[in-house]
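Everything below concerns the one structure shown next.
The numbers here are math on the coordinates, done by the rules we state, and not lab data. Worth saying up front: this structure is predicted, and the values here are computed from it rather than measured. Counting neighbours? That spans all protein chains shown, and the Cβs are built from the backbone with ideal geometry, glycine included.
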Amino acid sequence: MMLNTTYVVVLITAPSHEVGKQIADTLLEKRLVACVNILAPIESHYLWKGERCTDQEVLLLAKTRADLFTGELVPAVKAVHPYEVPEIIALPILVGAEDYLAWIDESVA
């Protein structure tokens, strides 16, 4: 294993499995991610425009490199995402198996 902050797991919520799959397909086609897991259903509780909301959503976990996040991945998600302000956040992969991290590098643009 090696310590590194080059790689991230991106969390993206979406309103349905169909939208989640569309986002995953877009990111894979553009080679912006190596893998996307879609977890469903999740129950989200949040504040939006002063109102407390609860919704059923799906959660996407996308594995990629940090350098692709701001300039490429975020705009690609926003282009197909129906939310006004979608959740698109990245968490660093601090430690990972070297062969897995190499696979991420081989898979993304």
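For every residue, the table says whether it meets (1) without any contact (Cβ under 8 Å) to a residue 12 or more places away in the chain; (2) buried (at least 21 other Cβ atoms within 10 Å of the Cβ); (3) closer than 13 Å to Pro86 by Cβ; (4) more than 10 Å from the chain's Cα centre (by Cα).
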{"site": "Thr5", "(1), (2), (3), (4)": "no, no, no, yes"}
{"site": "Pro15", "(1), (2), (3), (4)": "no, no, yes, yes"}
{"site": "His45", "(1), (2), (3), (4)": "yes, no, no, yes"}
{"site": "Leu59", "(1), (2), (3), (4)": "no, no, yes, no"}
Those residues that are touching a Phe, Trp or Tyr at 6+ places or on another chain (Cβ under 7 Å) and assigned to a loop (DSSP other than H, G, I, E, B), I need them from the range 87-109; list them, please. Ile93
So for the range 30-42 (the condition being out of contact with any Leu (no Cβ under 7 Å at 6 or more places or on another chain), free of Cβ contacts under 8 Å to residues at least 12 places away in the same chain and surrounded by fewer than 16 Cβ atoms within 10 Å (Cβ to Cβ)), does at least one residue qualify? no
Which residues, taken from the range 81-109, are without any contact (Cβ under 8 Å) to a residue 60 or more places away in the chain and closer than 23 Å to Ala40 by Cβ? Glu84, Val85
Among the strands (runs of 3 or more DSSP E) contained in the range 4-86, which hold 3 or more residues that are of a type in the set (Gly, Ala, Ser)? none
In the range 73-90, residues that are touching a Leu at 6+ places or on another chain (Cβ under 7 Å) and surrounded by fewer than 18 Cβ atoms within 10 Å (Cβ to Cβ) total 2
